[in-house]
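The values are calculated or read from the model by the stated rules, or taken from the named source; none is laboratory data. Please read these numbers as outputs of a predicted model, since none were measured by experiment. Glycine also receives a Cβ, built like all others from the backbone with ideal geometry; neighbour counts cover every protein chain displayed. Areas reflect the complete protein model, heavy atoms only, side chains present, ligands, DNA and RNA absent. Shrake-Rupley method; radii C 1.70, N 1.55, O 1.52, S 1.80 Å.
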Amino acid sequence: SLDPSAGTLEDARFTGNFEFTDGPMRALSNDARYNVTAGTLALSGKEITPEIRDESLTLLAEGIDVTLEPRKMIAKGNVRSTLLPPQKAAAGAAATKRPALLGDKDPVNILSTALSYDESSKKAEYTGQTRLFQGATSINADKLTLDETKGDLTATGKVVTNLEIANKQAGAGVKTRPTIGRAENFAYADDTRMATYTTSAQFDGDQGHLSAGKLELQLEKTENALDKLEAIGAGTPPGGKHPA
């Protein structure tokens, strides 16, 4: 489709083995629509699963819509996202900050029904039966949000976490039990190193089984080891606080 007066390209549709490159980004699919005027790209087709690759992630889904500048992505249907280990930011660019709750040397895999990502704010929102996993660490929820400017992570709706959190008070040679948390809401703030479970919160670990309206896990500054655990509200055993 051409502009009738200027004769410049406005819109193009492609069928079969589509490939598009924009800087470090590479897009693959069977079918695609490239709206040059709007600067958008829509990937579709079943023969070749729509895919986006760049230096920070690999994304596959049944359909992916991309705004090229500033970069935004909306993916729907069997979304499979792999976040690659952060690289050193280019001069003048904002650095990608992964939550220290996760390791920074191994990829992070996230499965969901839909994904919305805004590169300018570096925020990714995953919805619909979302599962994040990296090694033995996993987070399951209805919705998960990553803020890669702050390194914060939030999850809502039937949250179940399995986190690798060391207990420094355990004796030498004693194997650390898995730390499994459950709640309606979970939030991790990288700046304060605080992980918070709210609404019907439960926690199973070396400290035994705890339940409360709210559970706060204060992690140590330099490693994922428990510094303090506090239970607040309904379901809290006598005393209201649990030492690490």
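Descriptive notes on the structure:
- Fraction of accessible area attributable to carbon and sulfur, the chain (%, probe 1.4 Å): 50
- Which of I232, I165 is most accessible, then next, and so on - probe 1.4 Å: I232, I165
- Along the chain, longest interval not containing exposed trypsin sites (Lys or Arg not before Pro), exposed being DSSP loop plus at most 10 other Cβ atoms within 10 Å: 106-174
- A 1.4 Å probe run over region 1-115, with the rest of the protein chains in place, finds 56 Å² accessible per residue.
- Once C-alpha pairs closer than 8 Å and six or more residues apart are averaged by separation and normalised to the residue number of the chain, the relative contact order reads 9 percent.
- Charging the Cβ of each Asp and Glu at -1 and of each Lys and Arg at +1, and nothing else, the dipole of the chain about its Cα centre rounds to 760 debye.
- Put simply, the convex hull of the Cα atoms in the chain casts, on average, a shadow of 16.0 nm².
- FRET efficiency, T58 to D106 (Cβ-Cβ, R0 22 Å, nearest 0.05): 0.95
- Violating pairs (Cα-Cα greater than 26 angstrom) within the set K105/K150; K122/K221; K72/K158; K46/K97; K158/K221; K72/K143: K72/K158; K46/K97; K158/K221
- If you run the Gaussian network model on the chain, springs between alpha carbon atoms under 10 Å, then out of T113, T156, T222 the most flexible one is T222.
- Cα gyration tensor shape for region 32-85, rounded if a/c is under 1.5, else prolate or oblate: oblate
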